[in-house]
Amino acid sequence: MRRLLTCLSAAAILATPAFAEATGFKSDLTSKLSGPLKLEVVVSEDLAHRANNLPKKLSDRGSGSRLNSSFSNNGRYGDREIEYLIEEMQEEIVEDFAKHKLSLSDDAPTLMRVTIDMAQPNRPTFNQLSRDTSLSFKSFGIGGADVSVEFIDAKGEIIGNASYDYYSSIHERQFQGRATWSDANRTFSRFSKRLSKKLASLGVNDS
């Protein structure tokens, strides 16, 4: 325990709320769903707000002792980080759908809206580092993400949904070699693989 505490920076310790391990992939998808699908990847209003601000709810901020500490207070990620997360999620889905021969089309009547509800970095983002000179890229903490998807038909009705979340646990070995969004990317990958496998098993592209 002493070794763990000496390895963690103060900012990192304060930045790690008690997140649980993944709750697993949940869905209510049925064989009524058919393809091809139109892909749209967005972020929640809360996550979009955190690009340049601390969380609106005080309870969502970490236990950082300094109010201007962006990393320990779970905010001020930077606009380009939000764009990066969207691109990574989209690339994962496109790749996994291709493996399962699931078709995506901008002209498809059914919209598949994937929402990154929340994401937390393992290390401070560039924007956080520029705002708080006490941070360094060596600072680290629990990372991960919450992702959900809604399938919306041409009438605007939700005909299916699914969700997945994952946050790492705080063990020293897990953080060695972690990049800024390692655990968030791991969440995206697991979610995409489970979603594409589920849709393939339902024969979404058989119609």
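Listed values, structure above:
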{"read-out": "Conditions (1) over 18 Å from residue 40 (Cα atoms); (2) over 20 Å from the mean Cα position of the chain (by Cα); number of the one not met by residue 157", "value": "(1)"}
{"read-out": "Flag if residue 190 is buried (at least 18 other Cβ atoms within 10 Å of the Cβ) and modelled with pLDDT of 95 or more", "value": "yes"}
{"read-out": "Boolean, residue 140 is under 18 Å from residue 78 (Cβ atoms) and surrounded by fewer than 16 Cβ atoms within 10 Å (Cβ to Cβ)", "value": "no"}
{"read-out": "Residues satisfying the stated conditions in the range 26-51, i.e. in contact with a strand residue (DSSP E or B) (Cβ under 9 Å, 6 or more places away or on another chain) and polar (S, T, N, Q)", "value": "27, 30, 34, 44"}
{"read-out": "Residue match in the range 99-106 (condition: closer than 14 Å to residue 77 by Cβ and part of a helix (DSSP H, G or I))", "value": "no"}
{"read-out": "Residue count, the range 111-161 (criterion: closer than 20 Å to residue 187 by Cβ, in a loop (DSSP other than H, G, I, E, B) and either of a type outside the set (A, V, I, L, M, F, W, C) or modelled with pLDDT of 95 or more (or both))", "value": "7"}
{"read-out": "Some residue of the range 159-169 being in contact with a strand residue (DSSP E or B) (Cβ under 7 Å, 6 or more places away or on another chain), among the hydrophobic types (A, V, I, L, M, F, W, C) and surrounded by 18 or more Cβ atoms within 10 Å (Cβ to Cβ)", "value": "yes"}
{"read-out": "Flag for residue 184 being modelled with pLDDT of 90 or more, of a type outside the set (Val, Ile, Thr) and out of contact with any His (no Cβ under 7 Å at 6 or more places or on another chain)", "value": "yes"}
{"read-out": "Close pairs from the range 88-112: first of a type in the set (Ser, Thr, Tyr), partner in a loop (DSSP other than H, G, I, E, B), Cβ under 7 Å, at least 6 apart", "value": "103/35; 103/36; 105/36; 110/153"}
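Okay, residues lined up against (1) charged (D, E, K, R); (2) farther than 30 Å from residue 154 by Cα; (3) modelled with pLDDT of 55 or more; (4) surrounded by 12 or more Cβ atoms within 10 Å (Cβ to Cβ):
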| residue | (1), (2), (3), (4) |
| --- | --- |
| 3 | yes, yes, no, no |
| 25 | no, no, yes, yes |
| 35 | no, no, yes, yes |
| 53 | no, yes, yes, yes |
| 76 | yes, yes, yes, yes |
| 93 | no, no, yes, yes |
| 98 | no, no, yes, yes |
| 102 | no, no, yes, yes |
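The values are calculated or read from the model by the stated rules, or taken from the named source; none is laboratory data. Here the structure is a predicted model, which is why all the values come from computation and not from measurement. Neighbour counts are summed over all protein chains in view; Cβ atoms, including those assigned to glycine, are modelled from backbone coordinates with ideal geometry.
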